[in-house]
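Worksheet: one structure, shown below.
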Amino acid sequence: MAEAPADPVAGLIDIPLPPSISLWPETWTSRITVTAALAALVVSVVWILHQYAVNRYRREALAELDRITHAPIEPGQLAQDLTVLVRRTALAAFPREQVAQLTGQAWLDFLDRSYGGTEFSQGVGRSLEVAGYRRADSESDQPPPIDLIRRWIKVHHA
């Protein structure tokens with residue numbers, strides 16, 4: 001009887017595999033670069049989270065402004081509510097000693113300085129000067145400066 005042919009694969013030797021490649025860079029300059037990039041990423045995330053937390057009062061003020069402007073209230077009451085909102089927002093953003101005592105033209109000048117314009121002291125924002133002292137059922141000759149207040153909340157700076 002004839003012998004079965006020998007297994008041709010039985011005599012092969014396994015090919016040695018190369019060592020696994022490390023994900024950590026080989027050179028020190030590459031390691032420093034990767035470490036610096038990771039540190040910059042961490043610092044950026046912390047800064048973004050800090051800015052988000054610091055600007056919380058702006059988001060709340062804008063939500064309150066939307067609530068005030070969409071609620072069915074009298075025009076005189078709307079002007080009073082807007083005046084209170086601007087005052088509360090300023091107290092949240094600036095030191096109390098700097099803002100609390102301001103009234104009249106000094107208040108409007110402060111709003112202009114923090115906004116970077118003159119629309120409060122020389123424009124439609126002048127209605128905020130007396131709106132807080134007007135009776136809620138009285139009519140005003142000017143519409144309330146809702147757009148100006150919205151812009152001030154978004155862009156004012158300390």
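Readers should treat all values here as calculations from the given coordinates under stated rules, not as data from a laboratory. Please read all numbers here as calculations on a predicted model, not as lab measurements. Quick reminder, even Gly has a Cβ in these numbers, built from the backbone with ideal geometry, and neighbours come from all protein chains shown.
Couple of notes before you dig in:
- From least to most packed, judged by other beta carbons within 10 angstrom and beginning with the fewest, SER44, SER114 follow the order SER44, SER114.
- Using R0 = 41 Å, the C-beta based FRET efficiency linking ILE48 and THR118 works out to 0.80.
- C-alpha long axis of helix 75-93 to longest principal axis of the chain, angle in °: 50 degrees
- Among 46-54, 20-28, 147-155, 102-110, the order from most to least packed when residues are scored by Cβ within 10 Å on average: 147-155, 102-110, 46-54, 20-28
- Cα long-axis angle, helix 28-54 against the chain (0 to 90 degrees, to the nearest 10): 30 degrees
- Listed values (i) 65, 30, 19; (ii) 42, 36, 28; (iii) 121, 44, 23, entry calculated as Cα extents along the principal axes in Å: (iii)
- The angle between the Cα long axis of helix 146-155 and the longest principal axis of the Cα atoms of the chain comes to about 40 degrees, rounded to the nearest 10.
- Nearest-20 debye value, the chain charge dipole, Cβ charges on Lys, Arg, Asp, Glu: 760 debye
- With each label modelled as a point 7 angstrom along the Cα→C-beta vector, the LEU23-ASP109 pair spans 6.1 nm.
- Residue ranges 11-19, 56-64 sort as 56-64, 11-19 when ordered by packing (mean number of other C-beta atoms within 10 Å per residue, highest first).
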